[in-house]
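Reviewing the structure listed below.
The values are calculated or read from the model by the stated rules, or taken from the named source; none is laboratory data. Predicted, not measured: the structure shown is a model, and the values here were computed from it. Note that each Cβ is placed from the backbone with ideal geometry, even for glycine, and that neighbours are counted across all protein chains shown. Accessible surface is based on the protein model in full, side chains and every heavy atom, while ligands, DNA and RNA are left aside. Shrake-Rupley method; radii C 1.70, N 1.55, O 1.52, S 1.80 Å.
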Amino acid sequence: MGGSVRSRRKMFLRAAVVLSALSLPLLADSYPLDGYDYTGIRRLEAFRRVQAGELRGRVLPPGTLLDRNEVQLRLVGVNERLDITEATPRDEYLQNGLNRIFAGLEGDYSVALLDISDPADPRYAGYREGRSYSPGSVGKIVVMVGLFDQLARLYPEFYDRSRVLRETRVTADRFVLTDEHVVPFYDIEANRLFYRQLRIGDVFTLWEWVDHMISPSSNAAASMVWKQVMLMDHFRRAYPVSSARDSTYFYASSKSQLQEAAVRVINQPLWDAGISEGEIHQGSFFTGEGKRVIPRTYSSATPIGLLRFLLKLEQGQM
């Protein structure tokens, strides 16, 4: 192995930081705060004003303050054919480090780790990385992938996808019941920011619903977004539809049809990308009403599946 012990230790620590970040359900508040003009997500403007001292709130750490043009896919045009399989060689230094960290903890932890500090020479290590777990809030990433897949299928032009996200206004219905998470509400004119649980009748743009799903990890928002993905799949370019057509579809269709559609629309993009059902699968809505209307199936994920998803994302293949 090349490089000094000190440099290799630094490399391992960088990789460990990445591992720690990916172990979180979702990275709250990490969306680029200069994105309000582009997306219309009001939370972004609120948090930008907090950082500028124009509004009271929590100051964010530097690592969450990258601008949009600083967020880059590291492996596009560099290592686009790389994949992680059981035959992938393991970096000796990283693997030994993982083995030392988890010695004596067999059965309690699983890790899949890819250091892309050098995009041309990624380094892989794993520890029980094929073990399956309940994905929890990681499943919301699958819902988000399903949404952007539907937009890509319906609208070849990127501008049209952005327009649908920004201009489509979605009113909360019973699918938000129930959720203990709170989300930010921001009145731009009054410069007032407050938090509460989502309620029936709350109105946000589709882009803001996605933001609520990912940033504070709202279960209610995740169920509402998943519902929109199903409506896009069913009504195609007629989306968005009236509340009457919405209700007819969800409350008059057969349970088996709804279950098949719900699983397919969010998992199919992963299958198409080569991520197997055994690696990541989301089959259950995130709220009680969603589960009542649409029968649940199993949800599971493996560390290697999540890592392969992130790898394909960095390669621009998702």
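Backbone phi angles across segment 262-273, fed through the Karplus curve with coefficients 6.51, -1.76 and 1.60 (θ = phi - 60°), yield HN-Hα couplings of 4, 5, 5, 5, 9, 8, 4, x, 5, 4, 4, 7 Hz in residue order; Gly and Pro are listed as x.
How much of the pair distance distribution for segment 228-275 lies past 15 Å, counting alpha-carbon pairs only, in percent?
Details: 551 of 1128 pairs.
It works out to 49 percent of all Cα pairs.
Sorting Thr171, Thr302 by solvent-accessible area of protein heavy atoms yields Thr171, Thr302, largest first, with a 1.4 Å probe. For the residues Glu129, Glu86, a 1.4 Å probe over the protein chains yields an accessible-area ranking, largest first, of Glu86, Glu129. Close Lys pairs in the chain (alpha-carbon distance under 29 Å; sequence gap of 8 or more, or different chains): 9. Within the assembled protein chains, the solvent-accessible surface assigned to Met230 is about 0 Å², based on a 1.4 Å probe.
Ignoring ligands, DNA and RNA, please state the percent of accessible area on segment 264-318 from carbon and sulfur, probe 1.4 Å. Write out the running numbers ahead of the final one.
Values: 1050 of 1940 Å².
With neighbouring chains kept in place, the figure for segment 264-318 is 54 percent.
Each label point was placed 7 Å from the Cα along the Cα-to-Cβ direction; for Glu86 and Asp34 their separation is 4.7 nm.
Using only side-chain charges placed at the Cβ, +1 for Lys and Arg and -1 for Asp and Glu, the dipole size of segment 251-318 relative to its Cα centre rounds to 240 debye. Taking all protein chains as shown and a probe of 1.4 angstrom, Asp179 keeps an accessible surface of around 20 Å².
Once the convex hull of the alpha carbons of segment 230-316 is built, what does its volume come to per residue, in cubic angstrom? The partial results should precede the final answer.
Working: hull volume 9.8 nm³, N = 87.
Per residue, the Cα convex hull of segment 230-316 comes to 113 Å³.
Sort His212, His181 by heavy-atom solvent-accessible area, probe 1.4 angstrom, most to least.
His181, His212
Counting only heavy atoms of the protein chains and using a 1.4 Å probe, Tyr251 has close to 110 Å² of accessible surface.
Peptides 262-269, 192-199, 99-106, ordered by how many other C-beta atoms sit within 10 Å of their residues on average, highest first, read 262-269, 192-199, 99-106. For the chain, taking Cα atoms only, Rg and Dmax work out to 20.7, 66 Å respectively. Computed from label points 7 Å out along Cα-Cβ, the spacing between Thr168 and Ser134 is 3.0 nm.
Remark: segment 131-213 is approximated by an ellipsoid whose semi-axes, taken from the C-alpha gyration tensor as √(5λ), come to 23, 21, 11 Å, largest first.
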